[in-house]
Amino acid sequence: MKVIAGLGNPGSKYDGTKHNVGFMVIDKLANDYNINMTKLKHKAFVGEGIIKGEKVMLVKPQTYMNLSGESIREILKFYKIPVDDLIVIYDDISLPVGGTRIREKGSAGGHNGIKNIISQLGTDVFLRIKVGVGEKPNGWDLADYVLSKFSKDDEVALLGGIDRAVLGVELIISDGVTEAMNKTNQKMR
């Protein structure tokens with residue numbers, strides 16, 4: 001079973017914010033594959049289903065971004081799932097809005113959710129799909145920027161990025177990581 005975790009912050013006040021792009025991708029996967037995401041377990045909303053013939057668990061940690069690793073560690077431990085079967089989806093300010101990038105390992109790059117996952121799992125070797133939310137404008141505080149909503153001008157690019165992230169998950173499952181990288185790693189603009 002693959003665990004596909006999208007990062008974000010719980011609560012309606014964070015809906016549509018840049019930091020919640022991971023939740024948006026999970027919501028699209030859940031919708032596309034008719035996976036019910038209403039079960040609350042291991043500090044997360046979870047749903048089990050089948051994507052491209054593989055059993056998956058979709059996960060939306062409810063611990064707030066900076067503690068996302070707690071929920072993910074609990075799930076992997078409880079279900080005895082190796083970290084090799086984990087895919088984490090999250091926002092990236094170093095990519096333009098809608099850009100996507102798949103990586104097999106790496107540092108947190110300043111992302112506190114990823115920093116906590118690395119700390120909780122004891123490794124930085126896990127699959128991740130980054131979805132670009134654009135660079136922080138000069139004069140903005142980083143926290144204020146990632147907790148701000150997308151502009152109307154960014155909507156088309158954002159939806160394209162969400163679709164590419166979904167495609168990335170599908171390709172990782174069906175054709176492997178290399179194929180997924182080749183077809184979805186895009187900077188956009």
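Numbers for the structure displayed
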| read-out | value |
| --- | --- |
| Exclusive hit being within 17 Å of the chain's Cα centre (by Cα), over 15 Å from ILE129 (Cβ atoms), among the polar types (S, T, N, Q) and part of a helix (DSSP H, G or I), set ASN31, ASN9 | ASN31 |
| Number of positions in segment 160-189 that are in contact (Cβ under 8 Å) with a residue 24 or more places away in the chain and assigned to a helix (DSSP H, G or I) | 17 |
| Residue selected from segment 146-167 under the condition of a type in the set (Asp, Glu) and surrounded by 13 or more Cβ atoms within 10 Å (Cβ to Cβ), by the criterion nearest to the chain's Cα centre (by Cα) | ASP163 |
| From the options PRO82, PRO96, residue that is of a type outside the set (Ser, Thr, Tyr) and touching a residue at least 40 places away in the same chain (Cβ under 8 Å) | PRO96 |
| Residue list for segment 34-70, filter: part of a helix (DSSP H, G or I) and touching a residue at least 60 places away in the same chain (Cβ under 8 Å) | SER68 |
| Single match in LYS115, LYS130, LYS105 (criterion: within 28 Å of LYS41 (Cβ to Cβ) and either in a helix (DSSP H, G or I) or in contact with a Gly (Cβ under 7 Å, 6 or more places away or on another chain) (or both)) | LYS115 |
| Answer from ILE75, ILE81, ILE93 - the residue that is out of contact with any Ser or Thr (no Cβ under 9 Å at 6 or more places or on another chain), surrounded by fewer than 17 Cβ atoms within 10 Å (Cβ to Cβ) and hydrophobic (A, V, I, L, M, F, W, C) | ILE81 |
| Condition check for SER107: surrounded by fewer than 17 Cβ atoms within 10 Å (Cβ to Cβ) and over 23 Å from GLU70 (Cβ atoms) | no |
| Count - residues of segment 117-144 that are under 14 Å from GLY8 (Cα atoms) and either open to solvent by 20 Å² or more (accessible area, probe 1.4 Å) or free of Cβ contacts under 8 Å to residues at least 24 places away in the same chain (or both) | 2 |
| Among (1) in contact with a Ser or Thr (Cβ under 8 Å, 6 or more places away or on another chain); (2) not in a strand (DSSP E or B) - the single one TRP140 does not satisfy | (1) |
| Filter result for VAL156 (in contact with a helix residue (DSSP H, G or I) (Cβ under 6 Å, 6 or more places away or on another chain), over 16 Å from THR17 (Cβ atoms) and assigned to a helix (DSSP H, G or I)) | no |
| Near pairs, Cβ below 7 angstrom, 6+ apart or cross-chain, from segment 1-18 (among the aromatic types (Phe, Trp, Tyr)) to any residue that is open to solvent by less than 40 Å² (accessible area, probe 1.4 Å) | TYR14/GLY8; TYR14/ASN20 |
| Hits in segment 168-189 (condition: within 27 Å of ASN34 (Cα to Cα), in contact with a Lys or Arg (Cβ under 7 Å, 6 or more places away or on another chain) and open to solvent by 20 Å² or more (accessible area, probe 1.4 Å)) | GLU170, ILE173, SER174, ASN185 |
| Identity of the residue in segment 6-54, under 24 Å from SER148 (Cβ atoms) and acidic (Asp, Glu), that ends up least open to solvent (accessible area, probe 1.4 Å) | ASP27 |
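The values are calculated or read from the model by the stated rules, or taken from the named source; none is laboratory data. Predicted model, so just to flag it, every value in this text is computed and none were measured. Quick reminder, even Gly has a Cβ in these numbers, built from the backbone with ideal geometry, and neighbours come from all protein chains shown. For accessibility, only protein heavy atoms count, side chains too; no ligands or nucleic acids. Shrake-Rupley method; radii C 1.70, N 1.55, O 1.52, S 1.80 Å.
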